[in-house]
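Right, one structure below, let's go through it.
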């Protein structure tokens, strides 16, 4: 090998090293970062316990659970307490439930989530309903596939700041000093001599989130129950449209979760799938706004510009506004967007005709829809609301009412939409 | 023909016969059984959309082996693809396939499709319920058919080649 060749190889190796360090490759944070992957602590006993009994709706399979974090009732209960615990935020003003409200199918009603410092997140809080079945988590990261690892980003992330904690220790100290929570940790991890640990917090929170299964809508009673009258005629007409080849809604929002690819116990493996729906078309290359690059944010491949995961449409009625940045206010507007094969923004910094985007996914070709058909389709989408799920006490704040943190003030849902 | 020549011809004939039989008995172990050969040929034709040709092959496979669940399943499918006049006959073959193999998920899937196309929603739902326990992915395909009333694309409910 010549000297020049050696230098070239060294340069390439250095460049790839820099890329890894800058996170372009999507590598996990180092172990001393509070967002490092969650594993059992050295010396911590392996998880044990009685098999967990799922409360699965009719027709729903058991979710796939990581072998190092098997489900247990005590862990789920601890996770529920932690989910509503505001000590997980820098100033004690936010819990997981601030951005994931049960009455809104575990979303927040905002276009874009608002962090503890007032920083607006580039994307909206995704619904946690049926998150146990997702093959990837969040809007655009194909490699984020474990709830145990995902939850460190909202707690410790600094770009953007969400809950704003900087390290694990102060949180663990605070929890250790709370006898009631410490008892729950001890019950959930009975063989662990130091049960109050951040890793166990992550295991418990992930376990609780896996129980957030929604499958009690009118559609479910019609399809999986024995109630052919569960759907009204308009809803049934809408259902036919939704699943028709002409509209193709179920091509992306399919399966029993009405979402993209899923996994469960015994299922085949499917890779994550993301789409550019022609929401934006900036410049000749079909760019999205800089904070909305989607999958390209992780892969740096131009063809991944603006690609996002197809979220579940279950409970879609209560999760407005829509799209990754909440820039579509109503369900009717969302249908119009897909019917047109992309969104047209007439003026302003994001002006462009999304239908003409060179980056738009090929299957987004648009369709024509008569006004009465649109009404039927809307009726069907509303029939995907699981009202019992939105009020199920198993998922609610376990604290006595007097101890609960107040709900955040109502906000304009489009606070993060088109500027 | 002289006596010597006749003897020579007879010996040659005897030799060639024994060679043919010998070769035949050696080959008997390698080729697939008759019903499998017909079945696989049927699958190949089915995948090309040659419904008539596939039907003939599956019928031949069943003639060779009547208790061949996969052949009943695929015969039913290509019969259905040949037109609504064949729906009743297709249903008989789906029923026979499931009688032979009650765990043949594909047969529940495509029998469910047949029920939907024939307007029998209750029977289609019963097949969907069976499928939920056997193959959750095919169950979701049948759910989409039940919901849309449209025939699915591909051959998800047909059985594959026999190996």
Taking each residue in B:144-152, count the Cβ atoms of any other chain within 10 Å of its Cβ, then average. What number comes out? 5
Quote the convex hull volume per residue of the stretch B:34-163, based on C-alpha atoms, as a whole number of Å³. 91 Å³
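How far, in nm, would the chain grow between residue A:182 and residue A:340 when pulled straight, counting 0.36 nm per residue and subtracting the alpha carbon separation? Could you put the intermediate results ahead of the total?
Values: separation 158, 0.36 × 158 = 56.88 nm, distance 5.45 nm.
Once the chain is fully extended between residue A:182 and residue A:340, it gains 51.4 nm.
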The stretch B:24-147: relative contact order as a whole-number percent, Cα under 8 Å and 6+ apart: 16 percent
Using just the helices of chain A, give the 222 nm mean residue ellipticity in deg cm²/dmol: DSSP H runs with n ≥ 4 each add -39,500 (n - 2.57), and the total is spread over all residues, rounded to 500. -8000 deg cm²/dmol
Take the eigenvalues of the Cα gyration tensor for the stretch A:213-363, scale each by 5, and report the square roots as semi-axes in whole Å, largest first. 30, 19, 13
Which distance in nm do the two modelled labels at residue A:285 and residue B:163 give, with both placed 7 Å along the Cα-to-Cβ direction? 4.5 nm
Two-site label geometry, residue B:81 and residue B:129: point separation in nm, points 7 Å out along Cα→Cβ: 3.1 nm
Given points 7 Å out from each Cα along the Cα-Cβ axis, report the residue A:166 to residue B:63 separation in nanometres with one decimal. 8.5 nm
Cα gyration tensor category, rounded, prolate or oblate, for the stretch A:207-270 with a/c compared to 1.5: oblate
Per-bin percent of Cα-Cα distances, the stretch B:123-163 [5 Å]: 6, 22, 29, 24, 12, 5, 2
With a Förster distance of 41 angstrom and the Cβ-Cβ distance between residue A:303 and residue A:39, calculated FRET efficiency to the nearest 0.05 equals 0.75
Going by Cα centres, the stretch B:122-141 and the stretch A:149-205 are how many Å apart? 42 Å
Cα gyration tensor of chain A - equivalent ellipsoid semi-axes, whole Å, descending: 34, 30, 21
Once R0 is set to 35 Å, what does the formula 1/(1 + (r/R0)^6) return for the Cβ-Cβ distance between residue B:122 and residue A:362, expressed as a FRET efficiency to the nearest 0.05? 0.40
FRET efficiency, residue A:158 to residue A:404 (Cβ-Cβ, R0 35 Å, nearest 0.05): 0.80
Equivalent ellipsoid semi-axes - Cα gyration tensor, the stretch A:127-261, angstrom: 40, 19, 11
Average projection area in nm² (convex hull over Cα atoms of the stretch A:287-414, one quarter of hull surface): 11.0 nm²
Given an 8 Å cut-off on Cα distances and at least 6 residues of separation, report the relative contact order of chain A as a percent. 21 percent
Mind checking the full-extension length gain between residue A:229 and residue A:194? Use 0.36 nm per residue of separation minus the Cα-Cα distance, one decimal, nm. 7.2 nm
Contour minus end-to-end for residue A:55 and residue A:174, with contour as 0.36 nm per residue of separation and end-to-end as the Cα-Cα distance? 39.6 nm
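Read the figures in this text as sums done on the coordinates, not as results from a lab. As the structure is a prediction and not an experimental result, all values here were calculated from the model. No Cβ is skipped: glycine too gets one built from the backbone with ideal geometry, and neighbour counts run over all protein chains shown.
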